[in-house]
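Before any comments, here is the structure.
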Amino acid sequence: MCYNLFMNLPADNFILLSVINTALRDKYSCLEDLCEEEELDLNGLCTRLKEVGYTYDKEQNAFKRV
């Protein structure tokens, strides 16, 4: 059985940041692909990470400090 890391997103936004950036680095070529495949709300994810000062950088395919 395959464990879906994204079944329950971490409640802590900094842990969420780490999980998402790791997935972007290791598995996904862009945030849109990650959200589509894992059935995540793109806007909700970006909003949560923006609350702690991070935005998505398409060129680096990672959330970076604003």
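Each value in this text was obtained by applying a stated rule to the coordinates, not by laboratory testing. Computed from a prediction, not measured in an experiment: that's the story for all the values here. Positions of Cβ are backbone-derived with ideal geometry, glycine not excepted, and every protein chain shown enters the neighbour counts.
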Tally the residues that are without any contact (Cβ under 8 Å) to a residue 12 or more places away in the chain and loosely packed, with under 12 Cβ neighbours inside 10 Å, restricting the search to the range 13-27.
-> 2
Could you say which residue among 59, 51, 36 is free of Cβ contacts under 8 Å to residues at least 40 places away in the same chain and surrounded by 12 or more Cβ atoms within 10 Å (Cβ to Cβ)?
-> 36
